[in-house]
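These notes are about the structure you will find just below.
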Amino acid sequence: MEEPAIEEGDNHRDVEVAPALISVHPDHKFIVVSIGSDLRVFDLQGGSSVTLVDDSSGPLHKDSIRAIRFGAEGKLFVSAGDDKLVKIWNANSWHCISTVCSEKRVSAVAISKDGLFVCFADKFGVVWALNLDGFDENQVLVDKKAAPVLAHYCSIITSLEFSLDGRFIISADRDFKIRVSVFPKKPLDGAHEIQSFCLGHTEFVSCLAFVCAPDYPEGFLVSGSGDSTVRLWDITSGSLLDTCEVGSQAGFLESNGREEEHYSAVIDLCTTPDGTLVAAAIQSLQGIMLLNCNVSAKSLSIAKVVSITGGSFIPTSLGTASCAEFLWMVTGVSTLNGLDSHSLARVRVISGFKISGADSVEHEPTMLEDDEIPGGEKLLEKLQGSVSIENKVFSAAAEAVKMAMCNLLIKKQYSADKREFRKRTRNDKKIKQ
Amino acid sequence: MLEEGNSKISKSTHLPRKRFYRARAHSNPLSDSHFPVPISPSHVDYSVHFPQLFSSSDEGGDSKKIEFADVGCGFGGLLISLSTLFPETLMIGMEIRDKVTEYVKERILALRVANPGQYQNVSVVRTNSMKYIPNYFGKGQLSKMFFLFPDPHFKEKNHRRRVISTHLLDEYAYVLGIGGIIYTITDVEELGDWMKDCLEGHPMFEAITEAELEADPVVKLLSSATEEGQKVARNGGQTFQAVYRRIAPSL
C-alpha cells in the first residue's frame, strides 16, 4: 500500500510544475520574476538587483509561487502560491509587511484600486479579502486575518481582476465561468451582489484583463481560455461583445501542419490600462499575438503577430507598465527534470507596445535583443538566473509548460488507492477549540 | 417471469415504477459528473423541455422563460402539484441523480399522455445545481426556488456540501428576481437552523411574514406534495421551514 503511494507521489510532483511569472511596476521602476519558490526583483531605476527583506519565518516562500501582482499605485506587491502563504510587500523598501496564511493553495491575487484590500483566491474556489488598514510604509502589519468574500463552488479560480473603476471584482474559474461581483464598501462582510456572469467560453478561463473604453468607466473585460479564444465582454450586463479565435490563427503559423488544437490555450493576457491593445501568449505559438480592441465597434481583432526567433520561446507570463511602451515576457518552469541547476527563466522584451490612432499600430512592435533591453545584462543575470540560457533548456521548458497547462486545469484522476491515501491528509476537519 | 413485474412502466397506470429507478439518497456534489451543461441561459433548449409550447426554431428573445426551479426535485412530487396549480408558468426540476432524473422524465411524459394539454409546463434536467445554476437561468429570471428536504450532510467536514450556504445564496439571489421567494424545508432540526441562519444573515433575503405564509398556497405543498414530506408525515415527524423573499441589497 505504501509503494504505489510513494510512486504516485513522485508523479504528482513531476506534473505540478509551476510556470515562471513576471510582473512590472506600474511606473516601470521594478521588474519581478517568480519561478518556483524564488522571487527575483530588479530595480530598473537604480540598475541593480534587489534584496528582499522578510522578518517572518525562514526563507520567503516555501513552495511554488502561483500569483504575483503590483498594486495600482505601485506601493504594494503581493506574492502567493502553493505554500499557502500570501506575502504583502512594501514595493519601495521591499520589506515584507505581512504574511497571511491561507487554508488552501492560492491560485490568484488582486489588489483593490484604492490599495486598501488585497484579495486572493484559492484552489477550492473561495476568494478572500484582507484589510490593509493601518498600512504604514515602515511597519510590519500585525497578524492579519482574511475573510471569505465570495465563492465559485468547487472550482479552481484561475484569475482575479478589479474593474478599472474598482467597482467590481471579477473572478474566473476552471469551469468556464466568469463572475462579476459588486465590490462593496465593506468587502470583509462579503461581496454578495453578483452583477453578472460572463458565460460563453467552452473551456477553462485562464486569464483576465481590462481595456479602456471611454463611455464605460469600468472598462471592457478581455478573457483568454483553453478554448483558444479571447473574448470581449461588457461586465455590467455580462454580454459577450466579440470572440477572437486566436487558436486557429496560431495554428496557421505553425510550420508543421499538425492541428494541435488541444495545445492552443491562451496562457496569459496583458493590456495597458489606458490603451486598447491586448497582448496574448498562446500555447504552441512562439511569439505574441497582438489584438486590437475597437471600442466603438465593440470588437476584437488580430492586429499583428510578433514572432520570437531563436529558440522555442513560448511565454508563460506577460507584464507591462502603462507609462512605458515595453511588453515584458518570461518563460520558464520551476523544476526541469534532469537539470540540476537552479531554476532558469528567460526574459524577453518587445518595444513599441503602444497604439496611437484607431486601428493601426503606429510604431512597429519589435523584439529587443538582450543588449537593448532596459536593465541590460544585469537584469537578465538577476531575473533569469544566468545571462545566457541554452536553447535546449527552453525546449524542455516549453514541453513542461505544455504539460503543466494541461494538468493544472484538468481535474486530476486519482486511483482508488491514492484517493484513500489522500483522505488521510485532509485538512478540512473540525478544528478542536 | 411476469411481464408486468419486469417492465419499468406499469401497464395499468402507465406511470413509471419507482423500484426500477431507486437510487441512494446521496450523491457527491463535489465530483464532476459527466452530463451536458448549457454554455449560457440562452443556450437552454426550451423545445426539448416544453415541446408543445416551443418549437426548435424558436429564438429566445421575448418568449416565456422558466420561473420556478425545484432544486433537488427528487421523484418530482412538488413539480407535479405545482404544474396544475400554476398552468401558465414554466417550471423545471434539477436533480443530480441519473436514475431519479430518468424517473421524473418518464413520469412527466406519462402524465402528458394521460392528460392532454396538461403538464406541458413542467420538465426536469440532470445537473449539479451547486455549480451550474447560472448556466440555466439569467439574472432575476426566477420567481420561486424550492429546496425541499436537502441532504443534511451531518458531519461538520461535509457542511460545505450543503446546498444552502452563504456563498451559494449569492447565486440563488442572482437568479431570483426581486420579490422572488425561496422555500426551504427539512425534517432535520439542525439543518433547519442552519438554513434559517444562512438566509437570515444574507443581505439579499428577508423573512416572509406569518400572514404571507398563511396566504401562500405553495407553502402547504412543501410538506405534503413530496415523497419525502409524506414519509415524514407518516412517521409523525416535525418539519422546519424557512421561507424568504429576495430583496434589493441595502446600500
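Taken together, the values in this text are just the output of simple stated rules run on the coordinates, not laboratory data. Not measured: the values here are computed from a predicted model. Note: ideal-geometry Cβ built from the backbone for every residue, glycine included; neighbour counts use all protein chains shown.
Between A:Lys304 and A:Asn391, take the C-beta separation as r, use R0 = 22 Å, and let me know the FRET efficiency to the nearest 0.05. Before the final figure, lay out the partial values.
Working: r = 25 Å, r/R0 = 1.13.
Efficiency for this residue pair is about 0.30.
What nm value, rounded to one decimal, do you get for the distance between B:Arg234 and A:Glu381 when each label is placed 7 Å out toward the C-beta?
Here the modelled spin labels are 8.2 nm apart.
Can you compute 3J(HN,Hα) from phi for each residue in region B:183-190, using the Karplus curve 6.51 cos²θ - 1.76 cosθ + 1.60 with θ = phi - 60°, rounded to whole Hz and x for Gly and Pro?
10, 10, 8, 7, 9, 9, 4, 4
Count neighbours as other Cβ atoms within 10 Å of each site's Cβ, and list the chymotrypsin sites (Phe, Trp or Tyr not before Pro) in region B:150-183 that are DSSP loop with at most 14 such neighbours. Before the final figure, lay out the partial values.
Numbers: sites: B:Phe154, B:Tyr172, B:Tyr174, B:Tyr183; in loops: B:Phe154.
Counting only loop positions with at most 14 other Cβ atoms within 10 Å, the chymotrypsin sites (Phe, Trp or Tyr not before Pro) in region B:150-183 are B:Phe154.
A 27 angstrom limit on the alpha carbon distance is what I want to check against. Which of A:Lys75/A:Lys144; A:Lys87/B:Lys139; A:Lys104/A:Lys354; A:Lys84/A:Lys186; A:Lys123/B:Lys99 exceed it?
A:Lys87/B:Lys139; A:Lys104/A:Lys354; A:Lys123/B:Lys99
Just to check I understand the Karplus step: with θ = phi - 60° and J = 6.51 cos²θ - 1.76 cosθ + 1.60, what whole-Hz values come out for region A:113-123, glycine and proline as x?
4, 8, x, 8, 10, 10, 10, 9, 10, 10, 6
Which cross-chain or sequence-distant (5 or more) residues have an amide H under 5 Å from the amide H of A:Thr158, H modelled 1.01 Å from N in plane?
Placed amide hydrogens put A:Ala172, A:Asp173, A:Arg174 under 5 Å from A:Thr158.
Based on the alpha-carbon set only, what is the convex hull volume of region A:22-83 divided per residue, in Å³?
Hull volume normalised by residue count: 82 Å³.
For chain B, what does the helix formula give at 222 nm: sum of -39500 (n - 2.57) over DSSP H segments with n ≥ 4, over the residue count, nearest 500 deg cm²/dmol?
On the way: 10 runs with 87 residues, N = 251.
Helix-only estimate at 222 nm: -9500 deg cm²/dmol.
Taking the Cα-to-Cβ direction at A:Asn294 and at B:Ser56 and moving 7 Å from each Cα, how far apart do the two end points lie in nm?
It works out to 3.5 nm between the two label points.
R0 = 25 Å: FRET efficiency of A:Asp189 with B:Asn158, Cβ-based, nearest 0.05?
Values: r = 26 Å, r/R0 = 1.03.
Calculated transfer efficiency: 0.45.
Given H placed 1.01 Å from N in the peptide plane, which residues other than close sequence neighbours of B:Met204 have an amide H under 5 Å from its amide H?
Residues meeting the amide H criterion: none.
Apply the Karplus curve 6.51 cos²θ - 1.76 cosθ + 1.60, θ = phi - 60°, to the phi angles in region B:233-238 and return the couplings in whole Hz, x for Gly and Pro.
Coupling constants for region B:233-238: 5, 4, 7, x, x, 9 Hz.
Separation between the B:Leu15 and B:Asp193 pseudo-spin-labels, each 7 Å from Cα along Cα→Cβ, expressed in nm?
About 3.8 nm separates the two model spin labels.
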